[in-house]
Amino acid sequence: MAIHNYKLGVLGSETEHRKYKAYTLQNFRELPQMELLSEEAKFAMEVVGNVFPFKTNSYVVDELIDWDNVPADPIFTLTFPQREMLKPAHFDTMAAAIVSGASTDEIRKRADSIRAELNPHPAGQMECNVPELNGERLNGLQHKYGETVLFFPVRGQTCHAYCSFCFRWPQFVGVDELRFAMRETEQLAEYIRLHPEVTDVLITGGDPMVMKAKRLAGYVDALLNSDLKNLSTIRIGTKALSFWPYRFTTDNDSKELLSLFKKIVDSGKHLAIMAHFSHPRELQTEAAKEAIAKILETGAQIRTQSPLLSHINDSSEVWAQMWQEQVSLGCIPYYMFVARNTGAHHYFGVPLVKAHAIYKEAISSVSGVARTARGPVMSSNPGKIQVLGTNNEGPEKLLALQFLQARNPNWINNPFFAAYDDKALWIDELKPAFGADEFFFQKEQD
Ligand SMILES: *Cc1c(COP(=O)(O)O)cnc(C)c1O
Ligand code: SF4
């Protein structure tokens, strides 16, 4: 069957309103493209989709995924659950539950017990970083590094599609006590006023770009009207340029949204869109290019970041191409992250030594203007740790690391060393060099 019949989306028209349609566990079998997959493959998706969040949409399906290349296609892997994301024992217990016709309740219980074994809260996000105002915990804020406060607006805690690897997965699977979110914008403004070290607010999620422009304006206006002298930058973390670029072009309130961006810029603050791009394909549609151009016209800047992921973008050519195309479109490459040690980490994780090799090869093949991306970086409990490289000159083969951000600012930009280990995927799998018991920051943390 000619796959081209399935390409329902058409590139082009700038004014036509694009209708968003989500595909989830409940309705993914309705997709005509599913005829290309075996029943076994669809059943595997159902099994895995009961544990990890599963949502894709009409744009991703019609414009980004190359169905001729499925199942290897990187964007297919990005939003459709893959069998190997569950370890065999977990896969089998969930598969058995589904086959035996277990109740929704029983399936949910099984899913919860599997999830609990998958480190749902890496880097101590829940316990360590929630700040207080007048003795009250502000559950919608995280404040870990002095300059930047993270704000999780309650209506921004979902996304236009879900990345299969996402470390925020606990908040999409309906386990309410795992969510952190906050309603009170006034508290945010008050908190920033009382913390003069704060220069940046990062509005994040989920994806805050799922919010209507009016709702986002409510938060932004509260910040702008509070006359916060210390606040210089508003950042918005989003994957909408990849998952729903029409947010900035043809959605009913896209003009209003762009006016809000312009209003922030006109107020004298810097607006930084922290855009998540996993693969160059996401930059290549007319819709994405147009959305980027429209955002830049407002005076905002777009900085880009993504984790490095096995099966999606674990090649230096992919990163070099992605950075070059981003620069051509006027975006600024910012971070290459190491996949977090949560969820299906055994499937997506890339060893630190390999991650560094990919970064090194990619960065050395692009010009200086694209070398603004720093990586590979682990966002770990003590801070953002960058792998600087390997060293084999002394008696012991070493990995050099440094903090780019840290709980203690004195730790930043000082190299430290771990014993070389080409299998380690995360800082807690590395051993300090020179036979030390602990890394220097572990001593200071105790
Ligand atoms: C990455 C991160 C930030 C922002 O760090 P920058 O290096 O300024 O981009 C802020 N807070 C937390 C918790 C982070 O992980
Ligand atoms: S868009 Fe961001 S928050 Fe949403 S699923 Fe992907 S990585 Fe997670």
* Being under 19 Å from THR24 (Cβ atoms) and among the polar types (S, T, N, Q) is the filter; apply it to region 62-90 and report the residue that is surrounded by the fewest Cβ atoms within 10 Å (Cβ to Cβ). => GLN82
* Asked: Does region 273-293 include one or more residues that are of a type outside the set (Ser, Thr, Tyr) and without any contact (Cβ under 8 Å) to a residue 24 or more places away in the chain?
  -> no
* Go through region 246-260 and give me each residue that's in a helix (DSSP H, G or I), hydroxyl-bearing (Ser, Thr, Tyr) and out of contact with any Phe, Trp or Tyr (no Cβ under 6 Å at 6 or more places or on another chain). => TYR246, SER259
* Structure fact -> Considering residues that are surrounded by fewer than 19 Cβ atoms within 10 Å (Cβ to Cβ) and aromatic (Phe, Trp, Tyr), the number found within region 28-61 is 1
* Check MET94 against each of (1) under 25 Å from GLY206 (Cα atoms); (2) in contact with a helix residue (DSSP H, G or I) (Cβ under 7 Å, 6 or more places away or on another chain); (3) not in a loop (DSSP other than H, G, I, E, B) and name the one condition it does not meet. => (1)
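Bear in mind these aren't lab numbers, they're just calculated from the coordinates by the rules spelled out. What you see is a predicted model; the values in this text were computed from it and never measured. Methodologically, a virtual Cβ is constructed for each residue, glycine included, from the backbone with ideal geometry; neighbour enumeration extends over all protein chains shown.
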